[in-house]
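First comes the structure, then the notes that go with it.
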Amino acid sequence: MSQTPILESRSLHRTFGAVVAAKDINVAIHAGEVVGVIGSNGAGKTTFINMVTGFLPPSAGEIMFNGRSILGLAPRKITRMGMARSFQVAQLFPELTVLDNMLVALSIAESPLPSFLRPLRTPERVEKAEATLKEFGVAAFRDHQVTAVPQGTRKLVDIAMALIANPKMLLLDEPTSGVAVEEKFPLMDSVMEVVRRHGVTVLFVEHDMEIVARYVSRILAFYAGEVIADGPPDQVLDDAKVRELVVGHGHGGHGRARRSS
Amino acid sequence: MTTLLAILVDGSIYASWLFLVAAGLTVIYGVMRILNMAHGSFYAIGAYSAASLVGWWFTGVGGNPYVSYLLLVGAALVSGLVVGLVVEFALLRRMYGKDEILMVIITYALLLILEDAVKLVWGVDPYFTYQPYSLMGRSTFGGLTFAIYDLGLVGVSLAIGISLWLILNKTHKGKLLRAVIHDREVAVAMGVNVKAMFAVTFAVGATLGALAGALTAPAISVSPGIGVEVIVLAFAVVVVGGMGSIGGAAAGAVLVGLTRAMAVHLAPELELFVIYSVMSLVLAVRPQGLFGRTLVRKI
Amino acid sequence: MRLDRTELWLLASGVVLALGVFVLPNWLTFLLTIAFAKGLVVQGVVVQMRAGLVSFGQGLYYCIGGYTVGMGGQWLGVHDAFVLLALSMVAAAVVAMVLGLLLTRYREIFFAMLTLAFSMILYGVLAKSQSLGSTDGFNVHGITALGWTPGSSGKMFVYVLTCGIAAVAAVFLHRLSKSSVGYVCEAIRENEVRVEYLGASPRWTLYSTYVLAAAVSALGGGLTGMATGHVDPEMAYWTTSGEFVFIALLGGIGHVAAPFVAASLFSTVRTYAIQFVPHSWQMILGFVLLGIIIFLPKGLWSLFKRTRKAEARV
């Protein structure tokens, strides 16, 4: 892989007072990869995502997206460059219907300065939003208010809203957290299928090792703000350090325990 | 030189008055996160109670004039505590945990109710209770004449400020209260009775408002609308200093007080303009106020 | 430009109400003029409420609108109603463009307090301006329309004008609420962080909405000045703004006609209340307001319930 990485971080540091949340993170992700990020709570996974998406300024280091520095850019600017994200707790507009949530996302994706007089619901937009909902298998909830929709569906809508802008890269922050155990694999199946169809590069944070092992081509293992392993799934998951510090630890084990019970 | 002295003295007097008015507001916001629009009504109720009681003492009873000072304070304590507790119990208790802006609107409704309640109880004709004011006489200082009552106000204001600070920082209850301010959930977990704390805080805040009104009553004509005027001044002071901070309220009062005194002596047409300009300016540069600590928002 | 059902209905109501000038008694047309003019100011409050912002200083633009109409006649020699109203909107928009730069950095009570402070600054300036009549304000007269001088039927003319402007404004605001910006404003109220992450600038959206709200409110101020023939600094006093917030909450943010209906109700009740229970009018308002908050939580709660979790958990 000699071409420019789609996302690259160089010597990324971040401290919160005395706590080191990110320490010398050097990661390069190439177009088409599906990368899983693992690590126990507080290992620095979300901090990494927050820095990469412009929510949190790093204390030091450089972040490149498509060969351009995105350091210091506001989240909306980074989004517009083609990096979308979903959230650990689905971030929707609860008073609006599922369709309207999608339409808002689509309308913003079309133009950063939304129109004052053109209606939100144009036939073209509705058609595209419906098509995307269908891809995720949640079209039946189209006219439901978000508050009346099951948790798993909300997570899918959250991801669908990120994807409707046709991003080059998608960051998924714990796509299966808060979802019932038996729904986790079906949910990931539909997400990964759509993502593959759109040819989007994916980086996702996940506690459940089985899910990570099944869907990713590469794993980044975080511990105490550092990347302690980076490589193909079998290699990383067999790594002694990773087994000791990440896999047999905290949420990773927890997810497994729940699944087997 | 005389003007400078006049500005300083007038400014201190006005600042002490502002602090008296704002202290209750900032205490309530600090502990309960309620920006209480009805604070001006507590001020008005204190002023009316004091004016009618002292008026009765002089014209109806003809008692010892010096007792009137006790009556001023007594009227404020009783009216403030009663109204504060009633309002807390009947209304606010049901509203805790609501959004801050919604609490503003709820207390705005309360202000509308209390404004008319005051008119129904005391009528719309002004009350004059100049006796406690004139009793103390005047004093000449550096070529300027000041009412001793006004200077006394500076002392009272200082005393209240220092006591509040001592209570919050040096007593056991005060420390518990600060725990509530710092983290309500942790305080509840530690077994602090937050409900009781809130009730007491609101009553104390209301009483401070009533006290400010009672102490001001002898210097003004007590008439409808005084509460509505006062509340925006109190907002300005509290916002400038940083909402919820006693020290901030003091600093805000001094800043606004001196600025206003300067305007009154040097450019009287700017009097009102400067007060709200100071408020806007501070908010623009330091939205959390001079002594405030909370950040406004994250993105 | 095709009109939908609501828009046709709004325009028809405007026409019917305007035709009422031939049958309705003068006191009623005057009451409605004031009510609709206030309704326009309230529209400005409501547009911001949809985006989650409560302005306790909309009186600022009400006052700017009124004073521009008054001063245009007094000092610029402009008497044409349409030109004066256009000037009002421009003046308000210019002020809003400057203040909006600062205000859109704030939310919740900080926004409320700062809007209040700005309107009190204007009050402070006007109350001390000798040449503008200080606290008494001054009279507005000699309104003309496209070269026609209504003379003794001036009040009737202002009524018809107000009905027309209110109807057109309602259509425009209805479009706005269905437009992308309208929905993005709702989205900002519910989850501002997500709006940013979708790629829009919440601040810019709020800024343009703020300026627009100012212009609409100024229309209300200008029409009030023409109808009453008088403007004074009280228009910028914070209690006036409080009244607008009250009417906005009374009507709710659900329908574009609500501010006009609520303002009419408000004006009517006030007329009778002041006559029969002069010292209980505000008390009634206070209890009604509490009633709305306690018994109609759906409309109101959603207004202020911003997704806190969003900010905490991103």
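The values are calculated or read from the model by the stated rules, or taken from the named source; none is laboratory data. Because the structure is a prediction, the values reported are computed rather than measured. Positions of Cβ are generated from backbone atoms using ideal geometry, with glycine treated the same way; all protein chains shown enter the neighbour counts.
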May I ask you to say which residue of B:L266, B:L233 is modelled with pLDDT of 80 or more, within 19 Å of the chain's Cα centre (by Cα) and not aromatic (F, W, Y)?
B:L233
Among helices (runs of 4 or more DSSP H) lying entirely in the stretch C:159-257, which contain 3 or more residues that are crowded, with 21+ Cβ neighbours inside 10 Å and within 14 Å of chain A (Cβ to nearest Cβ)?
C:180-198, C:202-228
All but one of (1) farther than 21 Å from B:A38 by Cβ; (2) touching a residue at least 12 places away in the same chain (Cβ under 8 Å); (3) of a type outside the set (F, W, Y); (4) in a helix (DSSP H, G or I) hold for B:E115; which doesn't?
(1)
Of all helices (runs of 4 or more DSSP H) completely enclosed by the stretch B:167-232, which ones contain at least 3 residues that are touching a residue at least 12 places away in the same chain (Cβ under 8 Å) and surrounded by fewer than 22 Cβ atoms within 10 Å (Cβ to Cβ)?
B:172-182, B:194-216
Whichever residue in the stretch A:131-160 is more than 15 Å from A:E193 (Cβ to Cβ) and polar (S, T, N, Q) and, among such residues, is farthest from the chain's Cα centre (by Cα)
A:Q145
B:M103 vs. criteria within 12 Å of another protein chain (Cβ to nearest Cβ) and either at pLDDT below 75 or closer than 26 Å to B:R184 by Cα (or both):
yes
Name the single residue that is farthest from the other protein chains (Cβ to nearest Cβ) among those in the stretch C:108-126 being touching a residue at least 40 places away in the same chain (Cβ under 8 Å) and small (G, A, S).
C:S119
Does at least one position in the stretch B:256-268 carry a residue that is among the polar types (S, T, N, Q) and within 14 Å of another protein chain (Cβ to nearest Cβ)?
yes
So C:R105 fits all but one of (1) surrounded by fewer than 24 Cβ atoms within 10 Å (Cβ to Cβ); (2) within 13 Å of chain B (Cβ to nearest Cβ); (3) part of a helix (DSSP H, G or I); what number is the exception?
(3)
Residue, nearest to A:V179 (Cα to Cα), within the stretch A:85-95, restricted to residues that are facing another protein chain (nearest Cβ under 8 Å) and buried (at least 21 other Cβ atoms within 10 Å of the Cβ):
A:F87
Looking at this structure, is A:I159 within 12 Å of chain C (Cβ to nearest Cβ) and at negative phi?
no
Exactly one of C:R189, C:R175 is more than 14 Å from the chain's Cα centre (by Cα), under 24 Å from C:L17 (Cα atoms) and of a type outside the set (A, V, I, L, M), and that residue is C:R175
Any idea which of (1) within 10 Å of chain B (Cβ to nearest Cβ); (2) surrounded by fewer than 17 Cβ atoms within 10 Å (Cβ to Cβ) is the one C:S152 doesn't satisfy?
(1)
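Let's see how each residue does on (1) surrounded by fewer than 20 Cβ atoms within 10 Å (Cβ to Cβ); (2) at pLDDT 75 or above:
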residue	(1), (2)
A:E210	yes, yes
A:L220	no, yes
A:D234	yes, yes
A:D239	yes, yes
A:R258	yes, no
Filter result (part of a helix (DSSP H, G or I) and within 15 Å of B:P218 (Cα to Cα)) within the stretch B:60-75
B:V67, B:S68, B:Y69, B:L70, B:L71, B:L72, B:V73, B:G74, B:A75
Of all residues being of a type outside the set (V, I, T) and outside any helix (DSSP H, G or I) in the stretch A:120-131, which is nearest to the other protein chains (Cβ to nearest Cβ)? Just the residue, please.
A:L120
When you go through (1) within 20 Å of the chain's Cα centre (by Cα); (2) surrounded by fewer than 18 Cβ atoms within 10 Å (Cβ to Cβ); (3) at positive phi one by one for C:M97, which number turns out not to apply?
(3)
With respect to A:R80, is the statement that it is at the interface with another protein chain (Cβ under 7 Å from one of its Cβ atoms) and touching a strand residue (DSSP E or B) at 6+ places or on another chain (Cβ under 7 Å) true?
no
Considering only the stretch A:31-47, state which residues are among the charged types (D, E, K, R) and touching a Phe, Trp or Tyr at 6+ places or on another chain (Cβ under 6 Å).
A:K45
The stretch A:222-232, subset closer than 17 Å to A:R10 by Cα and without any contact (Cβ under 8 Å) to a residue 24 or more places away in the chain, residue surrounded by the fewest Cβ atoms within 10 Å (Cβ to Cβ)
A:I228
Could you check, for the stretch A:103-115, whether at least one of its residues is more than 9 Å from chain C (Cβ to nearest Cβ), of a type outside the set (A, V, I, L, M), surrounded by fewer than 24 Cβ atoms within 10 Å (Cβ to Cβ) and out of contact with any strand residue (DSSP E or B) (no Cβ under 6 Å at 6 or more places or on another chain)?
no
Checked the stretch A:183-208 for anything surrounded by 19 or more Cβ atoms within 10 Å (Cβ to Cβ) and among the basic types (K, R); matches are A:K184
Pairs where the first residue, in the stretch A:139-161, is over 9 Å from A:A90 (Cα atoms) and in contact (Cβ under 8 Å) with a residue 24 or more places away in the chain and the second is in a helix (DSSP H, G or I) and of a type in the set (K, R), C-beta under 9 Å, 6+ apart
A:V146/A:R154; A:G152/A:K184; A:M161/C:R194
Residue pairs, Cβ under 8 Å, 6 or more apart or interchain, first in the stretch B:39-59 and without any contact (Cβ under 8 Å) to a residue 24 or more places away in the chain, second of a type in the set (G, A, S) and in a helix (DSSP H, G or I). List them.
B:L53/B:G74; B:L53/B:A75; B:W57/B:S68
Determine, yes or no, whether C:V21 is farther than 27 Å from C:G124 by Cβ, surrounded by fewer than 16 Cβ atoms within 10 Å (Cβ to Cβ) and of a type outside the set (F, W, Y).
no
Filtering the stretch A:134-192 for residues that are of a type in the set (A, V, I, L, M), more than 19 Å from A:L99 (Cβ to Cβ) and part of a loop (DSSP other than H, G, I, E, B) leaves a count of 2
Residue ID - farthest from B:G63 (Cα to Cα), chosen from residues in the stretch B:106-140 that are touching a Leu at 6+ places or on another chain (Cβ under 8 Å) and more than 7 Å from every other protein chain (Cβ to nearest Cβ)
B:T107
For C:M71, which of the numbered conditions (1) more than 25 Å from B:V285 (Cβ to Cβ); (2) touching a helix residue (DSSP H, G or I) at 6+ places or on another chain (Cβ under 6 Å) fails to hold?
(2)
